[in-house]
1. State whether one or more residues within segment 11-23 are in a loop (DSSP other than H, G, I, E, B) and modelled with pLDDT of 50 or more.
2. Only one of 87, 143, 126, 158 is modelled with pLDDT of 95 or more and on the phi > 0 side of the Ramachandran plot. Can you tell me which?
3. Given the options 45, 67, name the one that is at pLDDT 95 or above, touching a strand residue (DSSP E or B) at 6+ places or on another chain (Cβ under 7 Å) and outside any helix (DSSP H, G or I).
4. Does segment 48-61 hold any residues that are over 15 Å from the mean Cα position of the chain (by Cα), outside any helix (DSSP H, G or I) and surrounded by 12 or more Cβ atoms within 10 Å (Cβ to Cβ), and which are they?
5. Which numbered condition in (1) at pLDDT below 95; (2) on the phi > 0 side of the Ramachandran plot is the only one that residue 52 fails?
């Protein structure tokens, strides 16, 4: 292999590596991408609206059994209420391609949720964050950085009497001004039903 061919090959590999990394979502410690989505009432909600606040993003699909289990036990609602009293903002995003504002509004009303469900039928924001499962959780610190991403807890099967809630643990550490001890875990749940 001559020098010219080797240079071309190396340049091609660098381009391919760059493409592979493009659009792969966010990383712990990186900036949380801003977005604007409509809520179930048709009002626009932007991440930028909550600058300086800790924000939790929860990916939702009401048809997913994992989501249904957490809503039956009140996991998300309890966390949102508990930490909302401490200034934490909870935003739920539904990137399910077949669920419109009306479907999300019905779920919000049925569960008497105190937080917004944002409609992302196009999947644009889901892909921006590389949300893979429902639920898939992200915590953004007051500086706008991703502080935690992954599973809601360490109990995918729902069989533990006392599961470790990763989101609660991370929020406690963030609010106490300490580093998040478990900043990333593998999310579990149903795959996000993105538009084709």
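1. No - not one qualifying residue is present in segment 11-23.
2. 87
3. 45
4. Of the residues in segment 48-61, the ones over 15 Å from the mean Cα position of the chain (by Cα) are 48-53.
Then drop every residue that is not outside any helix (DSSP H, G or I), which leaves 51-53.
Within segment 48-61, 51, 53 qualify.
5. Exception for residue 52: condition (1).
The values are calculated or read from the model by the stated rules, or taken from the named source; none is laboratory data. None of the values given here were measured: they were computed from a predicted structure. Glycine gets a Cβ as well: all are built from the backbone with ideal geometry, and neighbour counts include every protein chain shown.
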